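The values are calculated or read from the model by the stated rules, or taken from the named source; none is laboratory data. Note that this is a predicted model, so its numbers are computed, not measured. Ideal geometry is used to build each Cβ from the backbone, glycine not excepted, and the neighbour counts take in all protein chains shown. Calculation scope for accessible area: heavy atoms of the full protein, side chains included, ligands and nucleic acids excluded. Shrake-Rupley method; radii C 1.70, N 1.55, O 1.52, S 1.80 Å.
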Amino acid sequence: MLSAYYSNEYIEAGCDEAGRGCLAGPVFAAAVIFDKEYNNPELNDSKKLSEKKRDELRDIIIRDAVSWCVKKVDADEIDRINILNASFLAMSKAVKGLAVQPELLLIDGNNFRTDLTIPHKCFIKGDGKYQSIAAASILAKTFRDDYMKELSLSHPEYGWNKNKGYGSKVHCLAIRSHGLTAYHRKTFNRGFLQTSLF
């Protein structure tokens, strides 16, 4: 079972992102604040949950959280500032969008840079350690997946409804056949496709 909090002294927000390794689409990030007494044993790293379970938990998180926010950074900005900085920016935007001001940020990963003045702690595989980070990972993942499914309606040849913008065989072959869209990360695709065996 995941920990309810890191410190009982502060209002904590868990933060995580989704879509960092994709060839297309934005990077999404979420921030979530729970009451210290909150406990949901079903919360876990979003990658360890089925799509159905993630969708179920999203509704529960939205209902139960003291505050939550999801934000994105689009492909053109990712190309401009690089994906790592874009991930940090998306998380910072999510924190700024919270209705309640956190006093401590719990960040999934080993590094975080931000213009926020709120103290933070980084945790490798934090989405498997703290409920608020796991909840943030679920929100970021489900909101991003829904966004890519919607984009797929106008660009069905890339298979985004299934691959969500990651470099699947279908996606890479479609890039070669149809080229890049405005939603593709131009700085990612050149090197990836040159080394692809598809």
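Of note:
- Considered as a group, the residues in segment 123-158 that are open to solvent by 10 Å² or more (accessible area, probe 1.4 Å) and among the basic types (Lys, Arg) include one that is nearest to Ser177 (Cα to Cα), and that residue is Lys149.
- Tally of residues being in contact with a helix residue (DSSP H, G or I) (Cβ under 6 Å, 6 or more places away or on another chain) and either at positive phi or of a type outside the set (S, T, N, Q) (or both) across segment 43-54: 3
- The set of residues in segment 36-51 being basic (Lys, Arg) and open to solvent by 50 Å² or more (accessible area, probe 1.4 Å) consists of Lys47, Lys48.
- Filtering segment 169-198 to residues that are at pLDDT 90 or above, open to solvent by 40 Å² or more (accessible area, probe 1.4 Å) and closer than 16 Å to Arg20 by Cβ leaves only Tyr183.
- Filter pass, Val66 being out of contact with any Lys or Arg (no Cβ under 6 Å at 6 or more places or on another chain), β-branched (Val, Ile, Thr) and surrounded by 15 or more Cβ atoms within 10 Å (Cβ to Cβ): yes
- Selection status of Ile78, part of a helix (DSSP H, G or I) and within 22 Å of Asp55 (Cβ to Cβ): no
- The C-beta contact set for segment 77-90 (first residue without any contact (Cβ under 8 Å) to a residue 24 or more places away in the chain, second residue among the small types (Gly, Ala, Ser) and buried (at least 17 other Cβ atoms within 10 Å of the Cβ), distance under 7 angstrom, 6+ apart or interchain) comprises Glu77/Ala86.
- Residue count for segment 98-120 under the criterion of being in a loop (DSSP other than H, G, I, E, B) and either open to solvent by less than 40 Å² (accessible area, probe 1.4 Å) or among the charged types (D, E, K, R) (or both): the result is 9.
- Inspection of segment 132-151 finds no residue satisfying the criterion of being assigned to a loop (DSSP other than H, G, I, E, B) and out of contact with any helix residue (DSSP H, G or I) (no Cβ under 6 Å at 6 or more places or on another chain).
- The one condition from (1) over 14 Å from Arg20 (Cβ atoms); (2) out of contact with any Cys (no Cβ under 7 Å at 6 or more places or on another chain); (3) in contact (Cβ under 8 Å) with a residue 24 or more places away in the chain that Gly97 does not meet is (2).
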